[in-house]
Structures are given as structure tokens and as C-alpha cells.
1. Under the condition of being within 10 Å of chain C (Cβ to nearest Cβ), part of a loop (DSSP other than H, G, I, E, B) and crowded, with 24+ Cβ neighbours inside 10 Å, which residue from the stretch B:93-110 is modelled with the lowest pLDDT?
2. Which of the residues spanning the stretch B:52-62 are within 11 Å of chain C (Cβ to nearest Cβ) and more than 12 Å from the chain's Cα centre (by Cα)?
3. In the stretch A:91-125, which residues are surrounded by fewer than 18 Cβ atoms within 10 Å (Cβ to Cβ) and in a helix (DSSP H, G or I)?
4. Could you grab me the full set of residues in the stretch C:115-170 that are among the β-branched types (Val, Ile, Thr) and touching a Cys at 6+ places or on another chain (Cβ under 6 Å)?
5. If you take the residues of the stretch B:63-87 that are closer than 21 Å to B:Pro132 by Cα and away from chain C (no Cβ under 11 Å), which of them is surrounded by the fewest Cβ atoms within 10 Å (Cβ to Cβ)?
6. Does the stretch C:126-169 hold any residues that are part of a loop (DSSP other than H, G, I, E, B) and under 30 Å from D:Arg278 (Cα atoms), and which are they?
7. Run down B:Asp90, B:Asp13 and say which single residue is more than 12 Å from chain C (Cβ to nearest Cβ), surrounded by fewer than 24 Cβ atoms within 10 Å (Cβ to Cβ) and in a loop (DSSP other than H, G, I, E, B).
8. For D:Leu277, are the conditions met, namely being within 14 Å of chain C (Cβ to nearest Cβ) and hydrophobic (A, V, I, L, M, F, W, C)?
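The values are calculated or read from the model by the stated rules, or taken from the named source; none is laboratory data. Just so we're clear, the structure is a prediction, and the values are computed from it rather than from any experiment. Note that each Cβ is placed from the backbone with ideal geometry, even for glycine, and that neighbours are counted across all protein chains shown.
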Amino acid sequence: MKIGSLIGDILKSFFKKPATILYPVERIHAPERYRGQLFWEPEKCSGCQLCVKDCPSNAIELIVLDKVNKRFVMRYDKDKCTYCAQCVASCRFACLNMNSDQWELASLRKEPFTVYYGKDEDVSFLLAERAATSHLHSTE
Amino acid sequence: MDLPKAWEAALVDLKTWARINSPWAIHFNSGSCNGCDIEILATLTPRYDLERLGIKLQGSPRHADVLICTGPVTRQARERLIRTYEQMPDPKFVVAVGSCGITGGAFEGCYNVANGVDKVIPVDVYIPGCPPRPEAIIFGVSQLLQSLQPPKKAKNRNAIVTNPITGSTPKKGVGE
Amino acid sequence: MPETKHGDKFIVPIGPQHPALKEPGHFEFTVDGETVTGASVRLGFVHRGIEKAAEERTYIQDLYLLERICGICSHVHAMAFALGVEKLAGVTVPERAQAIRVLVAEMERIHSHLLWLGVAAHEAGFDTLFMYAWRDREKVMDLLEQLCGNRVNYSINVLGGVKEDVNDVIRDGILSAMDYLETRTVLYLKLVTTERTLIGRTRGIGIMEKQTAARLGTVGPTARASGLERDIRLEAPYAAYLQYPARIVTEQTGDLEARFIVRVKELYESFRLIRGILSTLPGGELTTKMPRRIPEGETISRVEAPRGELFYYIKSNGSDKPDRVKVRTPSINNFASVMATAVGHKLADIPMILSGIDPCFSCNDRMVSIRGSEGQQAVDWEELRLYGIEYYR
Amino acid sequence: MSENMKSILSLLIFPGGLAVMAAGMIYEYIDRKLVARFQNRVGPRWFQPLADFIKLLAKEEVIPEGIHPVLFQWLPVVAIAGALTSALYVPMFGVEPAFHFTGDLVVTIYLLSILTLCTGLAGANVANRFSIIGATRTLTQLFSYEAPFLLALFGPAIAAGSWDIAVIEQYATSHPWLMVFQPIGFLVALIGLMGKLELPPFDAPEAETEIVSGALTEYSGRGYALFRLGRSVELVIGLTLVAAFYLGGVANPLLFLAKTLGLLLIIAALQSLFARLRIDQTVGLWWRSGAVLVLLQLLVLIALKYFGVAI
């Protein structure tokens, strides 16, 4: 039995540089495979809805504006997402990817967590439509 | 500005400064998978070492300023969460960590959960991720501290976190 | 703190919010001075109703839901479920995928045991060891993050294989980290067997004889520290454990010190397995085609989690959703041992004994047994929800 | 300047009062920083104790139900007053003590115990069971380390032949370091100081993982701030006493700094080396080894003194 067996280690630590990364001061990068925020490219999407079906937490929704002309908008909730990348694995056209650099997602409010992906005119069309209907609801 | 007012303003500034630089935290698990909990604990360990930002994990709610809450809030933990929150002295802040702590995440719709901390107590910062990396938790906490900064100092917001070794302020904006 | 007087007894409540517990659980210890004379436990603070929720979701969604039963041993949960479903579907998973599953499982064991070492040291007031253990644990976490894409809920499993492959960079990273950790483990083993202040807190504390351990049905390192040879990796090899057999580590004394030693020595075993897997990693595909609808049938799937035997029962009715998923986690088996050994010890030893089994409350809180309105056992979703609301409000 | 004015100044500003409080915060910072470095971390920033103190002062003070409110509010004040008063009899910062009289060593040691006593009382006053257990443990520990600590400080007093701190300090300055002749006394005094300040491994009274924060669990805001500050102040005073008695005195501010910081380094290293002792182990350690060894050394000292051997 010994007492103070760690003495060598604590002395070494004392003279060594701390193991600490100075995160908020110096930004660091996550590894390449890290699963951060989800991104969607509308060009390749066929609208099969497999990703939506497989999502364990209803974080994504593919809103079909016009099926024939392939006008889709994807609603994505960063705060619901479990960051499991099953949607990425399910997609046959590789239109989904999780960005390894978008992981600083904290926010003081919940609204910014919902994002809409798609072509600009589709998104603005959808949002205008939604605003109009919500206006209708509020006046009822 | 007359003297008493100047004194008062200085006092308020001093209080704010102290509050920003010494946020003691208490941690409550309201039914998460404990993935977030170990990540919160990991932020205290040498790799991340939140003590350099003045953050200490306290055991008693009476000593804490920040309630770090994880989990979708199960019905059993609900009462305890409210009680812990009420035991904390003012001013107090709540940080909801993890997707399930914000909306219920993967557990959304389970029969026994309230789907998020903000359904039970007011939340100041949301940190999504399942679980968020310790860095992301630190980022969330620094967001909270920035929001405490008075507006007039908003232009040097990033200067909140000074490098404990060199004493310099960050060159690049936090989270940009 | 409310007064909970039971006669003249002085009761110390621990939890649900308590610094010793990172997760909620409620314990009441009757103390006489500093000595504990009675112990009772109330679990269930983390009960979220996952098993019931699994019946409402597809197999693919369930994989991620069940992974979130526990954040520390998330991979083994997903692996056990995937293995069970693959067995039901009659699918043969490629060898490389099985080897990667075992690789991640062993890395998870290292991270879990180091985490436990740190937490147990923290309970003993040995913060330096806590800091060092967690600092070294970050090495494994980095590798897991590099390999799988997340630090905790790795989500590397898919039904029919794994998502990510091991490339040369990651392989070299893992091998060099294993070398580093092995030198550290030598130190930890020396520390838990020779450091006097630590031994003062562990030797002879929470002794559980072999017979008691067998009677209480303990599993995993807790059982192995009492001399029981229980290890699913050997008893019923799954995934790639047939090709890479594990060796069992046992101790005979059954006290806290033995539990420390067993867990630290198991780290060596994991290093050896990981090196073995990486040196002879079979080639081939990562995934195989998996049907969305699983044929009717039922199966069990057992794996060795870092805390002991994890048991899954899966029943399929031919649709894309399971008919029933039952999970029995190792912590629930081990809990009885805490209550059995706590009495007679000092109050200061209680957190140590509690952490000695490496408790995982989020694993525990998954049992529900309610009689329905007409006496039937089965309860549907809505009924259960209403019951929950009524019971707690 | 009138004599009264001088007394008030020395009580409030220097060497008592503000100066000691500032020193307490600085020493607390150094202690925390050293422990952090031993644990391979960066550790707190230099203003951390100050920020903690101001923040706690600015926080709401929750007064729990079922207690004596006056006692609850005034115990912290008494505690810190005791600690600050004792600073007047100790050669703080290497300057002459503000006051001294024959026997002030005994008074100082009892003034230093007031903080612990108040902590115990504060814990017992609250209906929280963690506080009560914490209070019991605090007082148990007080009775275990107090006697050996006292005896350890009596060693130099006997050698110097006086109970006056200033005289003992002068004796220590003019003679070779006493820690060479009384190594047991030195060790017991240093470790007794750690017990007094409830530093690990003697932190059973406030063991976080067992009884939350011990006696001070229910304190928030001002009361907690004062208790914390009182402990930092005692750290400085205790270090000064040990340095003055055993390390050849603290004749000037530079020597004071070097010697107390050296002691602080040892204390920080000891803090990070061991697992927490159970309260029964603490008591056993002090009474079975600490007290007996110090008594033996005292007997030898007295015998040598009696036979007229120069020490």
C-alpha cells in the first residue's frame, strides 16, 4: 500500500500544458463525419418521401407544391432532429447531407430552429401562403 | 448625470459583470438518455474545463444561477423539476440541452413525457443536438452570457470570453 | 426539503436531484448517526414509455429510439435490436459490418468503463482521478466521433449493416490511442490496488458473496467481481465475437475494490480485441438489403453491454412495425444488490456502493405493468397516456 | 493620528479588514488555479473569487421556513468577524501585528474556530437533513483536528517560551527554521490547517456527492458569500501562522509571500493527491496518529527545555 501514488502524475501535469482546448476563444472544427445540421438540395429530389418516413422524430417534412414539376419545399426542425442521419442513408439520390461544420446551433428563441429548404421562389411562395392561412386562422 | 445616478449605474454594471463571470450551474436530468448529462459533465473535465469561464457545478439549487436541464420531462420528474427551479434564488436562468429537452425529440409523443422543458418552466437558451457536443454546450452557455450583457456594450459582445492564458479577446466572432 | 419523518428514524433522501446522481432516482436511507440501517429505492423518474412507443413506429425509427434508451451504452442497444431484427428477417449481415459493430462496442466499453472509473472516483472525493480518467476518455470519444459521426449516440448501425467504414487514418488513430490508453490503464490499475486513501474507501465495502450475487441475479462486471463467470460474449457469441473471442475477467472478493479491478482489467481485454479486429478486418460490403416488412415471428437477442447482459425480445406481426419489444437492461438486475449490501455501511459509503454497480437509471426505468379497465393485461397507447396523466397529476 | 483612529484603520483597512479579504480572494484563486493545473486544466481566471463574491452578494437570499431567522442572517457575519479579528494578532503581510499581548496565540486560535462553530450552528439551525448531517460532521471534525492543531502550534511557543505570537515570530526569525527541529509539529499544523478549512481530503463535512454542500446547503446569496470569504481569510491567516512559526518567520512582505505561497503549493498538491476520508477515518487519523505524535514531540520539547538544552 502506498500513499499519494499520483504524485508523479500531478507534477507532470503541473509543468505540462493543460489538456484544455480554448473553445469559445479559438473555434475548432468537428471531424469530417460529424453529423451537424441537415441540408437538402432540391434539384435531385424525386419526392419519394422515404426520408420523412424513416425519420425517428418527425424533424423533416417534404411539402409538395407541385408534384409534376417537382416543386418541393423541405421543412426541417433543428430542435427535433436527433442527428442520426437515417434520412441521409435512406435517400437514393443523395440530396441530403449533414454538414460537419454546422453544430453551433444554440439559440435564445425557438423560432430560428425551423428552416425551409428549397428554391427561393418556392420557399417564399410557401411562406406567403402559410402567412395568409395563419392570418385567416387568427381572425376566425 | 449626477453622482448618485452614476454610482447606481456603476453598481448595476458591477453586478452584471459578476453575474456574467460567475454563473454557477446545477444540473437536472428530467428523463433524458443521459447522453447529454455525460456531455455536460465532460465540459467540466480537463478537455473543456468550464471553470476557466467561471462555471462551477453546484450540488445545491440554492447556490446555483443556471439550471441546466436535459430530457423531455417525464411526468414523474416534472414536479421535481419545478421544485428545483423554485428552490433557486433569483436571478436564475434555464438552459435546455438536447433535442428532447427542447421539443421531445425522439421521445415526442411518448405517453409519459411533456415534450420539452419549456412546457414546464421558462427556458432562456436552447441547445439542440442529440446530444450536442461539449463545445456546442459551451457555445450555448456563452450565448446566454452574451444575452445578459447590457445592450450598450453589445458591440464588443465577443469580448466576454477572454483567453485565460493570454488574456486576449477572440479574434474571430464566436460561432461565425 | 420536506420533512419525511417515519417515527423517530432519521431518513436521508438521496435524489432525484442530487450531486451524486447524474440521473434521477430516489433513495431513502434510514440512518443511525452515520450508519445506514435501512434502504429503499424508488425508480421510474426516467420512464418515458419507450417500449410502447416502439410499437407505434417502424423498425427503422425504432432503431434510433431504442438507441436513446441509454446514452452511455447506446451502441449495444441499437446493436441488440438490429441483431434481433436481422435474425427475424433471415438476413445475413456482411462480416465486415459485424466486425465494425464489435469494434464500436468494445470502444464503447472502454469509454463506459473510463467514465465509470471517473465517476466512482468522484464519489470517493478523488477529483484528480476523475479528471484524469475523463481526460483520457476523450481520446476514445474523439475516435468514436471520427468513426461514427457523433460522440454519444453513434447511430452507426442500420438494419442490415453499418453506415460508416473504417479507413486507414481512423485505424491508425485507434491503434495509437490504444497504446496510449494501455499505458494509462497500467497506472489506473496500480492506483486502485495500491493507493491507500482510495483503498480505505473500497476494500471490504459492499461485499457480495458469490452465492448472493447468483441469487440476486447480478450480471456484468458486478457479477464478475463476485466470482461469477457471466459474460454473454462467451456464453452466446454474437456478431463477430466468434471470430474474436473475449476472455473473462473475474475477481473473488466481491467488494468495491474487486469491481474497480474487474473494470480496469476489462479495459486491457478491450484493447486486445480492438487490436485483433483492426489487424484482421474482413473485407466486403457494409450493408445488405433489408426488407421493410419483417416476417412474422419472435426472437430474443442478447448482448453484453458494458454493465452486463442486455436482453431484447422482439415480436413481429409481419408489418413494418414490431408487435412488441421488450428490453431488459443490466442495471435493473444489479439494483437489488445495492439495496442488499447497503445496510450496515456508513452513509459516506452509500454513493460508492451505488456507483459500484455502474447504475444507469435511464436503462432501469422501462417497466410498466398495469391492469386494464376490464382486467386484461394489455393496455393501449391512449389508455396508458391517460393513466399516466391521472397518476401523476 | 489618535490611537483610536489608528485602531479603526488597522481593523478596517490594513492589516485587518479589506486587505485580508483581498488577500483571501487572491489566495483562494491561487489555490484553485494550482489544483486545476495539477489536474491538467486551465483553471479559473484571476478575478474569479471576486466575481463569485459580488455575484453572491447580489443574489436573492432565500430564508427557508422553520428556522431562526436572526441566527440565520447573523451567523455568517459573526463567522467572518471572528476570522477578521484574528488577523489583527497575526503578522499579516510580514508587518508587525496590529495588536499583541501575552497569550494572544490562544485567543487567535479560538477566534479562528469561530467560523467552524458558526458553520456548524448554521447547519443545525436549518431543517434540511443534509445540513444537519453536515453540521454534525463539521463539529465532529472540529473536535478531531482542533486539539492536534493547537498542540502543533504550542511547539514553537514552548521553544520560544512565550504565548505571544509576535515574540514567537521573532524567536523563529532569529533561530534556524523550526520545521527542521519539529517536523511532526509542522506536518500536523499544515494538515490541521487543511482540516480546518475543510479542504480535500478532509472535506467530508461538505462532501458534495454525499450530503450536497453540508451545513451550508440552504444558504444562498449573502450568507454563503460571507462563509466562503471567511474560509479564504482563514486560509491566509493559517498559512501566515504556520509560515511564521515553522518557516523562520515572516520578517518582510517578500518573505511572507514566498513562504505562504510555498505552503499553498504543498497544500494544493495534497488536495489533489488523495481520496476523501470518511468522517470516522478523519477522526481516527487525528486522534490515533496526529494527536499522539504531537504530544510526544511536545513532551520531548518540554523535557529538553527542563534540562536546559538549547533548542
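1. Per the stated criteria, the residue is B:Cys110.
2. Step one: filter the stretch B:52-62 for residues within 11 Å of chain C (Cβ to nearest Cβ), giving B:57-62.
Across the stretch B:52-62, the qualifying residues are B:Gln58, B:Gly59, B:Ser60, B:Pro61, B:Arg62.
3. Listed by number, the residues that qualify are A:Glu111, A:Pro112, A:Asp120, A:Glu121, A:Ser124, A:Phe125.
4. Across the stretch C:115-170, the qualifying residue is only C:Ile156.
5. Taking the candidates together, the pick is B:Val66.
6. Across the stretch C:126-169, the qualifying residue is only C:Phe126.
7. Values: B:Asp13 fails: in a loop (DSSP other than H, G, I, E, B).
Just one listed residue meets the conditions, B:Asp90.
8. yes
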